[in-house]
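Q: Okay, handing you the structure first.
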Amino acid sequence: MLEDVTCAKGVLYNKINISRASGKYLHTFNVHTQATYTDRTLQTYVDSYVCRHEQVKEVREFFLGKLYSKDGQQVDLSKDIVMILGDFNVNASRTQTKVCQEIYE
């Protein structure tokens with residue numbers, strides 16, 4: 001949306017074997033989601049918020065798909081390391097929180 005359309009959104013995933021002997025892996029997820037526009041109209045804010053919310057739901061499904069095997073059995077993550085990194089474009093400032101509260105009231 002708006003200026004943020006020039007930046008690709010999505011997740012980059014890497015699975016790095018960090019210990020051949022024990023089969024230990026480092027799973028990294030680098031995330032970039034839609035920015036929120038608080039300096040525009042209320043409708044623009046809501047649209048950008050909803051867009052990011054939908055993207056986060058898709059990202060969750062991607063995480064689960066990578067961290068679970070194809071037959072639905074959970075991978076033994078007790079020996080693996082999982083890191084979720086990146087720009088989620090989530091702002092927890094008081095102003096942002098106030099705008100969210102106003103929308104839901």
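Q: When region 2-53 is examined, which residues are found to be assigned to a loop (DSSP other than H, G, I, E, B), of a type in the set (G, A, S) and in contact (Cβ under 8 Å) with a residue 40 or more places away in the chain?
A: Initial filter on region 2-53 (assigned to a loop (DSSP other than H, G, I, E, B)): 7-9, 20-23, 33-41.
Narrowing the set further to residues that are of a type in the set (G, A, S) leaves 8, 21-23, 35.
Correct list: S22, G23, A35.
Q: With the requirement that a residue be closer than 19 Å to L12 by Cβ and loosely packed, with under 15 Cβ neighbours inside 10 Å, what does region 42-53 give you? Explain how you work it out, then say what you get.
A: First pass over region 42-53, keeping only residues closer than 19 Å to L12 by Cβ: 52.
Listed by number, the list is empty, since nothing qualifies.
Q: Hey, can you tell me all the residues within region 69-98 that are hydroxyl-bearing (S, T, Y) and at pLDDT 80 or above? Give the derivation first.
A: Taking region 69-98 as the starting set, the residues that turn out to be hydroxyl-bearing (S, T, Y) are 69, 78, 93, 95, 97.
Residue satisfying the conditions is S78 alone.
The values are calculated or read from the model by the stated rules, or taken from the named source; none is laboratory data. Note that the structure is a prediction, hence the values are computed from the model and not measured. Note that each Cβ is placed from the backbone with ideal geometry, even for glycine, and that neighbours are counted across all protein chains shown.
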